[in-house]
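Participant: One structure follows; several queries about it will come next.
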Amino acid sequence: MKMEHKASAEEDSKRGTVKVVNGRYKPSGLFHFISPNTPIKDETGKLMGITNPRDMTFIHSYGGEAIFFESMGLGKLMASRCDNPDCESKGSIFMPFRIHCPDCLFKNTVVDITERAKKNAIVHSFMITERTGAFNTLPTPIKFVNVEFEGVCTILMGALIRGEPKIGMRVVPIFKTKNPDYIITDMLWVPADWPTEDLPEGYTY
Amino acid sequence: MITFSDKQLKIPKMSKPVYLVTGGMSKFARAMPEKRTEEICIDAMTEAAKFIDMTPAQLKKYIHTCYYGHFADHFGDQLLGESVIHDRLGLDPLGNCGVKTGGATGGTTFWEAYKTIASGYSDCALAMGWERMDEVPTDEGNNLISCAADKDWETPMGHIYTGYYAVMAQKYWQVFGKQEESFRKTMAEIAVKNRGYARMNPHAQGPMDITVEDVLNSPIVAHPLRALDCCLMSVGAACGILADEKTAYEMTDNPLRIDLAAGSHTLRVADRRNMEIPLLPNETKEQYADLGQRFPGGDRYPGFTGFLAARMASYYAYRMVGIQDPTKDLDLVELHDAFTISDIQTYEDIGIRPYGEGRTYVESGDCYHTNPNTGEPGKLPANLSGGLIGNMHAVGATGIMQIIEVGQHIWNRWGEMHGDEAKWERFDREKPKDWKNLQVHGAKRGLAISHAGVGSHVTCTILQHPDHVLEGGTL
Ligand SMILES: [Zn+2]
């Protein structure tokens, strides 16, 4: 994957990392890098403003969704289901994963829908774009696909990394099982029956 | 299937009528390196004061509470930017509050001020909105906007919000547009219309005299959307003053009745679940029984093709004020034309046309100032300001700009506010030789839709001339 304007190796070697010990964050390393600001002037040399550079690392909790983000690296797609017998949405399966049922707010049960996704996921809608925002790591053009699963009440957005998207086509998830990043792009989509040899580096069925 | 309780569907009933006293706007532009945000806000406030022959100092004496709409702290790189503006407007120690609902921020800011007046807390309130999207380059700006999508589930995919929206456009294009060339042309006509109307607006950032072919030949952003189908990114401010009846008539002889309602829907399109269509007064359940047959794939509601938030905002608002049929009861509208296709989707959500038939609002000529098919006035002109496509999208100000634009027609002062030579000169813009007064003759009632992103928040504002207030509402 392309990485423009990447931080220097030296910066990255010092960049902050975090562990949780006894329920507390234990950060180590540097969480920001200081660069000087510069003046903005007009063509006559008159001061108009300044630039404000910044490079800072956040510490973000996945909380009850951690199981989803961890499972992708293990080649699994985890959804969640409301099992509250008194809920009007009882039995609803949610993908995107919801920690709590949006109707009764009971804690959902984690369910593995990997097989379901491999057998009968289809494209509900899609979009192809050359445009991206800063920090994008997906190759362009990006092909977004919205994926419908049998028996799931919502429609997941993902990126199709091989082939051309079409509404109604069957797609299959692939997972970054080698060096996962633990972000949503650890799962990408390819058309059904795409050859294993042609998956992106680090991704497997 | 999601269901709603009667309590959730209760039609709002306010304690007293609320009036729009005045409003004003700054110039809108892609960048304004020569101005700080407070200068732009003061421009808007000064115009609002002047509109009712007051000085800003006189106007400020009436204000009791202030609401500030500012979508993105990180665009201005200033937390509590609202407090900075409040201080620079010299409005301390009045109570004030920042409002953030993405693209609907402007409308929501008015919604808050409206409830404050209706409740009796204040007799007069300021609703001011702004955005400055020029303090980062476009690429970084796209990333910042994408942070308004779900940071874990969406943003890492491309950091491009347009993409998260465009999947809905694709679905609508295929299901309801049936990928027809004629539908694609209808989309383009909206872009031509709104950019053309922007030519008559000195505030507007994106006036263009273009043809359908120009739109169809502009670069592809995300099929079927092309560059000229998309809205602008702007710097600018707009404000309005709301008051109760007594105060409003102290301030001006011509306040307008104003009512607002709001709706919402999931931040991620992915989380939308199926439901029955909540019906507007001019619809029946039966008319949608065969929607899926007429438009294969169109039976899933709201699916990816309807904006439930817009539907709910108008569901509440129409019944609050007694609108039976928006096309008959209203004289003009300002809609959130972020993209030509989302404009069409909105026609359906707010009942200008039934679901599946939005395109006919354009094709009939009803949405024009002057119907190109008949040469007669359009039945319900839309976005005479130029909209987000031709005028501006300075996010926190957009919804307010729309309301003020509608108001200026009902005040019968559109020509004065847009034709003034001095204003064109002050904004360093050339008034076109063929400038045309787009005033809607005899406008009595109008609507403005303020809309966020993929449809997470929408407000529906109804303005009415006080001598022509509809009956049958809850007020
Ligand atoms: Zn439940």
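Participant: Between A:Thr196 and A:Val21, what is the spin-label point distance in nm, taking each point 7 Å from the Cα along the Cα→C-beta axis?
Facilitator: Using points 7 Å along Cα→Cβ, the separation is 4.2 nm.
Participant: Highest GNM mean-square fluctuation, chain A, Cα pairs closer than 10 Å: which of A:Met95, A:Met48, A:Met56?
Facilitator: A:Met48
Participant: Once you wrap a convex hull around the alpha carbon atoms of segment B:18-137, what is its projected area averaged over all directions, in nm²?
Facilitator: Average projection, Cα convex hull of segment B:18-137: 7.2 nm².
Participant: Taking each pair of different alpha-carbon atoms in chain B once, compute 1/r for the pair, average those values, and report the inverse of that mean as the Kirkwood hydrodynamic radius in Å to one decimal. Spell out each step's value before the answer.
Facilitator: Values: mean 1/r = 0.0455 Å⁻¹.
Value: 22.0 Å, from the Cα pair sum.
Participant: At 0.36 nm per residue, and after removing the present C-alpha to C-alpha distance, how many nm does the segment from B:Ser119 to B:Asn373 gain when stretched out fully? Could you put the intermediate results ahead of the total?
Facilitator: Values: separation 254, 0.36 × 254 = 91.44 nm, distance 4.66 nm.
Between B:Ser119 and B:Asn373, full extension yields 86.8 nm more.
Participant: To continue, here is another question. Give the residue from B:Ala237, B:Ala166, B:Cys124 lying farthest towards the positive end of the charge dipole for the protein assembly as shown; charges sit on Cβ (+1 for Lys and Arg, -1 for Asp and Glu) and the dipole is referred to the Cα centre.
Facilitator: Checked the options; the winner is B:Ala166.
Participant: Let me ask something additional. Once Rh is set to the Kirkwood radius over Cα pairs, what Stokes-Einstein translational diffusion coefficient, in µm²/s, holds for segment B:210-254 at a temperature of 25 °C and a viscosity of 0.890 mPa s? List each step's numbers first, then the result.
Facilitator: Values: Rh = 14.5 Å.
This corresponds to a translational diffusion coefficient of 169 µm²/s.
Participant: Right, something else. Output ³J(HN,Hα) for segment A:34-45: one whole-Hz value per residue in order, computed from phi by the Karplus curve 6.51 cos²θ - 1.76 cosθ + 1.60 with θ = phi - 60°, and x for Gly and Pro.
Facilitator: Rounded to whole hertz, the list is 8, 10, x, 7, 10, x, 10, 10, 8, 5, 8, x.
Participant: Please list, short to long, the whole-number percent of alpha-carbon pairs of the protein assembly as shown in consecutive 10 angstrom bins beginning at zero.
Facilitator: 3, 15, 25, 26, 19, 10, 2, 0
Participant: Tell me which cysteines of chain A come out unpaired when the rule is another cysteine's Cβ under 4.7 Å.
Facilitator: Lacking a cysteine Cβ partner under 4.7 Å: A:Cys153.
Participant: Based solely on C-alpha atoms, express the radius of gyration and the Dmax of segment A:65-204 in angstrom.
Facilitator: My reading of the Cα-based Rg and Dmax gives 15.4, 48 Å.
Participant: Gain in length, A:Cys104 to A:Ser35, computed as 0.36 nm per residue apart minus the alpha-carbon separation, to one decimal in nm?
Facilitator: On the way: separation 69, 0.36 × 69 = 24.84 nm, distance 4.90 nm.
Here the segment from A:Cys104 to A:Ser35 would lengthen by 19.9 nm.
Participant: Follow-up question, since we're still on this one. Going highest first, how would you order A:163-174, B:33-44, A:5-16, B:17-28 by mean Cβ packing within 10 Å? Each step should come with its number before you reach the end.
Facilitator: Details: A:163-174: 16.8, B:33-44: 19.0, A:5-16: 10.3, B:17-28: 26.1.
Those peptides, ordered most packed to least, come out B:17-28, B:33-44, A:163-174, A:5-16.
Participant: Note down the magnitude of the dipole of segment B:403-451 about its Cα centre, charges +1 on Lys and Arg C-beta and -1 on Asp and Glu C-beta and zero elsewhere, to the nearest 20 debye. Mind showing how you got there, number by number?
Facilitator: On the way: 9 positive and 8 negative charges, 49 e Å.
Computed about the Cα centre, the dipole is about 240 debye.
Participant: With +1 on each Lys and Arg Cβ and -1 on each Asp and Glu Cβ, and nothing else charged, work out how big the dipole of segment A:65-204 is about its Cα centre, in Debye to the nearest 20. Mind showing how you got there, number by number?
Facilitator: On the way: 15 positive and 18 negative charges, 24 e Å.
Computed charge dipole of segment A:65-204: roughly 120 debye.
Participant: Please work out the C-alpha center-to-center distance from segment B:409-450 to segment B:345-381 and express it in whole Å.
Facilitator: Going from one Cα centre to the other spans 21 Å.
Participant: For the protein assembly as shown, build the charge dipole from Cβ charges (+1 Lys, Arg; -1 Asp, Glu) around the Cα centre, then report which of B:Ala191, B:Phe110, B:Thr327 sits farthest towards its positive end.
Facilitator: Of the options given, the answer is B:Phe110.
Participant: To the nearest 20 Debye, how big is the dipole of the protein assembly as shown about its Cα centre, given +1 on the beta carbon of each Lys and Arg and -1 on that of each Asp and Glu? Provide the component values of the computation, followed by the final result.
Facilitator: Details: 72 positive and 87 negative charges, 203 e Å.
Computed charge dipole of the protein assembly as shown: roughly 980 debye.
Participant: For every other residue with a beta carbon closer than 13 angstrom to the beta carbon of B:Ala149, add +1 if it is Lys or Arg and -1 if Asp or Glu, then tell me the sum. All intermediate terms of the calculation are to be shown ahead of the outcome.
Facilitator: On the way: positive: B:Lys151, B:Arg268; negative: B:Asp150, B:Asp152, B:Glu154, B:Asp271.
With Lys, Arg at +1 and Asp, Glu at -1, the neighbours total -2.
Rule-based calculations on the coordinates, nothing more; no lab input. Quantities reported herein were computed from a predicted structural model and do not represent experimental measurements. We place every Cβ from the backbone using ideal geometry, glycine too, and count neighbours over all the protein chains shown.
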